[in-house]
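Structure record follows, encoded as structure tokens.
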Amino acid sequence: MIRFEKNRELDMAFSNFLMSMIDVNKYLTEILDYTGKILTPGMEKNLVSILKKYNVPYDGLKYDIKKLTDNPYYRDIKLSRVCTDTVRYEKDIIRKRTLISMNFHKPIGKYLFHYHPIGYFETDIEMPVLKEGDRVWMSPAISEIESMGDGIERGKGKCLTMGLGIGVLPYLWLLKDQVESVTVVEINQDVISLFEEYIRPQFRTDKKLDIIHGDALEYYNEEFLSRFDYVYIDFWESTDDGLKWYTKLMEKKVNLPYVDYWLEDTMLHEVKYIVAPYLTALYKGMSIADYISSMDGDSWDIARKANRYFKTRNDVIRTEDELLGIIHDKSILREILSI
Ligand SMILES: C[S@@+](CC[C@H](N)C(=O)[O-])C[C@H]1O[C@@H](n2cnc3c(N)ncnc32)[C@H](O)[C@@H]1O
């Protein structure tokens, strides 16, 4: 079992981890009053002072609308004709100066603080939305596009993605010179049919786009993945269901450097929220059984995995750097989930 030397440096480090988790809650509570609201100049000033108080990086809340309107998917693909038995189009208007999320949450600092990039556009903007009943099913929202940024950027040669959605990533890949072809694995035949009828005909490219009707979990194996130059896995709706699916993938122990996962850092941040208190309990000599049983659902499962992983280690942690090295190490977090 991993062990710790009891010292002041580690006392402080554990206390800072805890404080950073408390600060996130305080920060989120403070900005909640502004989210989704049209910001008056006075509200904007107050909001900026909150961001500064928590050292949230920001260079103004005003977002350049061109980030959205110049995006080739937003510009070229019109969803207004979409109408199926289950999915229908709606035009949403985001009013100018409405505070919205521009991306999924991002970690900052040495400990566990994180924030959502937020901002507003200076003019009203039309946002196409596909709805399933009252629920937004898909939309080329700025947060979706921004959060796929690394995956879009890294795409080259033969690309594979799992999860078709409305085909934002396939389209943006196909427009890149470095991308030769795109393959997509999609489980839902209705999604494929919608795409084939309404979306693919608008794609301004002749490059090869193959869609395989199948389950990502079955295709997630080294033999299949090694046919591609770059792979981006994106078949969850958000971090809420994502961590469960991402864990299932890690359990398959495929480890290829050219495979990335949508929202991976955000999901691993959730794992850190379980691992850090687990290590704190261990450091303070508290009952690990009590810690694990205080968790529920997927967190309980991850806490048990963490316990199994740390039992296999025999090292002694003496410094804050060593502790940070464990909590923030992607390969350790992936290994914990893979157990
Ligand atoms: C968030 S969307 C993907 C968005 C897509 N990246 C885009 O650019 O529009 C998730 C998609 O994954 C599909 N999906 C869900 N579970 C799946 C599975 N096990 N295998 C393959 N596709 C799956 C859903 O039907 C949905 O189309």
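The values are calculated or read from the model by the stated rules, or taken from the named source; none is laboratory data. For clarity, every value in this text was computed on a predicted model and none was experimentally measured. For neighbour counting, all protein chains shown are included, and Cβ atoms are generated from backbone atoms with ideal geometry for every residue, glycine included. Surface areas here come from the heavy atoms of the whole protein model, side chains and all, with no ligands, DNA or RNA. Shrake-Rupley method; radii C 1.70, N 1.55, O 1.52, S 1.80 Å.
For this structure, a couple of remarks:
- Yes/no for residue 228 being assigned by TED's automatic domain parsing to the domain that holds residue 157, surrounded by 17 or more Cβ atoms within 10 Å (Cβ to Cβ), under 30 Å from residue 143 (Cα atoms) and over 21 Å from the mean Cα position of the chain (by Cα): yes
- Look at the stretch 164-188: where a residue is open to solvent by less than 10 Å² (accessible area, probe 1.4 Å) and more than 9 Å from the ligand (Cβ to nearest atom) and a partner is among the β-branched types (Val, Ile, Thr) and modelled with pLDDT of 95 or more, sitting 6+ places away or on another chain with Cβ atoms under 6 Å, you get 173/179; 173/182; 174/182; 174/205.
- Any helices (runs of 4 or more DSSP H) falling wholly within the stretch 274-339 and containing at least 2 residues that are acidic (Asp, Glu): 297-311, 320-327
- Single unsatisfied condition, residue 329 versus (1) in contact (Cβ under 8 Å) with a residue 40 or more places away in the chain; (2) over 24 Å from residue 216 (Cα atoms); (3) of a type outside the set (A, V, I, L, M): (1)
- Subset of the stretch 212-225 [hydrophobic (A, V, I, L, M, F, W, C) and open to solvent by 40 Å² or more (accessible area, probe 1.4 Å)]: 212
- The numbered conditions (1) under 16 Å from the mean Cα position of the chain (by Cα); (2) more than 14 Å from the ligand (Cβ to nearest atom) are all true for residue 235 except (2).
- All of 135, 154 fail the test of being within 26 Å of residue 239 (Cβ to Cβ), surrounded by fewer than 18 Cβ atoms within 10 Å (Cβ to Cβ) and not assigned by TED's automatic domain parsing to the domain that holds residue 50, apart from 154.
- Filter pass, residue 294 being exposed (fewer than 14 other Cβ atoms within 10 Å of the Cβ) and either modelled with pLDDT of 95 or more or of a type in the set (Ser, Thr, Tyr) (or both): yes
- Some residue of the stretch 204-222 being at pLDDT 95 or above, within 8 Å of the ligand (Cβ to nearest atom) and more than 18 Å from residue 260 (Cα to Cα): yes
- Counted residues, the stretch 132-160 - those being under 21 Å from residue 75 (Cβ atoms) and within 11 Å of the ligand (Cβ to nearest atom): 10
- Output for the stretch 169-219, where each listed residue is in contact with an Asp or Glu (Cβ under 8 Å, 6 or more places away or on another chain) and among the hydroxyl-bearing types (Ser, Thr, Tyr): 171, 181, 183
- Taken over the stretch 231-252, the criterion of being closer than 22 Å to residue 299 by Cβ, of a type in the set (Phe, Trp, Tyr) and open to solvent by less than 20 Å² (accessible area, probe 1.4 Å) is satisfied by 236, 246.
- Complete set of residues in the stretch 206-225 that are within 23 Å of the chain's Cα centre (by Cα) and closer than 20 Å to residue 153 by Cα: 225
- Residues located in the stretch 297-339, provided they are crowded, with 19+ Cβ neighbours inside 10 Å and either touching a His at 6+ places or on another chain (Cβ under 6 Å) or of a type in the set (Gly, Ala, Ser) (or both): 303, 306
- Filter result for residue 228 (within 17 Å of residue 163 (Cβ to Cβ), touching a residue at least 40 places away in the same chain (Cβ under 8 Å), outside any strand (DSSP E or B) and of a type in the set (Phe, Trp, Tyr)): yes
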